[in-house]
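The values are calculated or read from the model by the stated rules, or taken from the named source; none is laboratory data. Note that the structure is a prediction, hence the values are computed from the model and not measured. Counting neighbours? That spans all protein chains shown, and the Cβs are built from the backbone with ideal geometry, glycine included. Calculation scope for accessible area: heavy atoms of the full protein, side chains included, ligands and nucleic acids excluded. Shrake-Rupley method; radii C 1.70, N 1.55, O 1.52, S 1.80 Å.
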Amino acid sequence: MSEQIKGSMVSGNPTKPLIGFALPMVAGNLFQQFYNIMDSIIVGNVVGEDALAAVGASTAITMLFVMVAMGTGIGCSVVVSQLFGARQLEKMKTAISTALLSILGLSILLSILGIAVNKPLMRLMGTPGNIFEDAAEYMQIYFFGFLFLFLYNAFSAIFNALGDSRKPLLFLMFSSLLNIALDLYFVAKLHMGVPGVAWATLIAQGISAFLSFGFLVRKIKSLGTGAYPLFDGVLLKHMVKVAIPTIIQQSIVSVGMLLIQSAVNRFGSTFLAGYTAATKIDSMAIVPMVAVGNAASTYVAQNMGAKKPERIPQGFRICLGMAAGIGLTIAILLHIAGSQAVGLFLDTGSSKEAIAIGTQYLSTVSLFYFMMGLMNVSNGVLRGAADMGWFLSCSLCNLLVRVALTYALADVTNGMVIMWANPAGWAVGLAIAAFRYFQGGWKEKSLLA
């Protein structure tokens with residue numbers, strides 16, 4: 001296969017290309033979750049409880065900006081995928097340079113804004129006084145490194161759009177391992193405390209961003225074309241059309257999780273400890289299904305760009321099979337070893353009740369992981385086709401059902417409704433996405449003329 005068509009999924013049997021494309025995405029997302037856990041372990045054990053709390057105090061803010069970075073990356077990836085599938089390579093290169101220039105400007109503006117409002121924002125969030133300075137310094141360094149965060153996400157999204165999910169996996173592994181090594185060096189050896197954690201993240205992301213850029217330039221040059229403009233306002237508008245609903249969806253999901261957390265907080269520390277441990281496992285367990293949904297999105301975008309919507313049902317069925325199979329496998333594993341998994345986060349001697357609560361949560365929710373996988377794949381089709389109104393509707397209805405059920409029935413069930421609220425939301429989201437898929441209106445939503 002020539003380099004010009006390498007990564008394409010618009011011809012031939014899609015089974016092998018789709019599986020080969022999805023698996024590195026699954027591995028990358030799992031590796032990132034593993035890194036996040038290791039990062040917390042290093043900070044908590046080497047520096048102490050206050051240091052972990054200082055980093056944790058900024059989680060809500062950092063996650064919001066991560067969602068913005070991910071949304072901008074997805075916005076450019078859908079457009080690039082469609083142009084790649086259409087073989088409009090000069091226009092695709094313009095889309096890539098337009099995305100990178102725009103993201104560069106956005107990241108600099110947000111960095112300046114973040115540095116300016118850092119301490120007032122931390123005060124507004126009620127950050128405890130004993131960790132305020134550490135938390136504020138951590139955020140200051142984090143804001144300073146926005147450029148690398150945004151570009152790193154953009155480069156990964158572009159490689160995925162071109163059907164190459166292996167390079168983002170390699171960059172992610174390199175960045176994560178380097179981050180852990182720098183954490184150990186700055187925190188354990190140089191005793192830099194919380195600022196050392198922030199500098200480790202900034203340096204690791206910066207080096208990975210430069211490496212990603214170098215490989216991307218080489219990839220673009222290998223796609224031989226004529227001269228092309230570096231910026232196109234129409235293409236930027238198409239990217240924004242996809243990015244904004246994605247950012248809204250991701251941000252609202254974060255807000256919804258905070259609302260659900262608030263609802264269960266009042267049921268006591270034992271319940272909260274079990275629920276927290278279970279949700280850490282839960283968040284890692286659903287990552288593979290999310291990755292398969294992202295793979296479906298790229299496949300659909302390429303084939304929409306190639307004007308081959310007739311290929312999408314076959315790829316859709318393959319991704320549904322992968323997501324359902326992964327979901328059922330994880331459910332079986334958690335039914336066999338759920339209590340041991342929850343016990344990794346709690347003292348098995350003194351936290352038996354909390355472990356029982358967490359195990360019950362996982363045993364119930366995991367039965368419906370296959371449904372969550374089907375929903376993500378169906379949503380991936382809508383996003384890949386740029387049917388963003390329906391994509392956002394599915395996500396919002398899913399979230400509203402989960403929050404509404406939790407608040408309506410939390411007291412009656414002593415908080416245990418939470419294990420049924422998530423599957424109910426997934427069922428509603430899946431129903432809406434499936435209706436739109438079979439109704440077929442998404443086929444008319446390609447961003448290309």
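At a glance:
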{"quantity": "Conditions (1) at pLDDT 85 or above; (2) of a type outside the set (A, V, I, L, M); (3) more than 20 Å from Met416 (Cα to Cα); number of the one not met by Gly224", "calculated": "(1)"}
{"quantity": "Elements of type helices (runs of 4 or more DSSP H) contained in the range 19-126, each with 2 or more residues being under 25 Å from Ala278 (Cβ atoms) and open to solvent by 10 Å² or more (accessible area, probe 1.4 Å)", "calculated": "49-56, 59-85"}
{"quantity": "Residue under evaluation Ala204, criteria (1) open to solvent by 50 Å² or more (accessible area, probe 1.4 Å); (2) assigned to a helix (DSSP H, G or I); (3) not β-branched (Val, Ile, Thr), criterion not met", "calculated": "(1)"}
{"quantity": "Unmet criterion (only one of (1) more than 29 Å from Ser175 (Cα to Cα); (2) touching a Ser or Thr at 6+ places or on another chain (Cβ under 6 Å)) for Ser208", "calculated": "(1)"}
{"quantity": "Scan of the range 184-201 for residues that are at pLDDT 90 or above, open to solvent by less than 50 Å² (accessible area, probe 1.4 Å) and over 20 Å from Asn153 (Cβ atoms), ordered by number", "calculated": "Phe186, Pro195, Gly196"}
{"quantity": "Search result, residues across the range 220-231 that are in a loop (DSSP other than H, G, I, E, B) and farther than 12 Å from Ile96 by Cα", "calculated": "Leu223, Gly224, Thr225, Gly226, Ala227"}
{"quantity": "Flag if Phe345 is more than 30 Å from Ser297 (Cα to Cα) and touching a Lys or Arg at 6+ places or on another chain (Cβ under 7 Å)", "calculated": "yes"}
{"quantity": "Leading residue by the ranking (surrounded by the most Cβ atoms within 10 Å (Cβ to Cβ)) among those in the range 132-156 that are in a helix (DSSP H, G or I) and small (Gly, Ala, Ser)", "calculated": "Ala154"}
{"quantity": "Flag for Lys241 being closer than 23 Å to Thr94 by Cβ, open to solvent by 20 Å² or more (accessible area, probe 1.4 Å) and free of Cβ contacts under 8 Å to residues at least 40 places away in the same chain", "calculated": "no"}
{"quantity": "Unique residue being part of a helix (DSSP H, G or I), within 18 Å of the chain's Cα centre (by Cα) and surrounded by fewer than 16 Cβ atoms within 10 Å (Cβ to Cβ) when the list is Val255, Val217", "calculated": "Val255"}
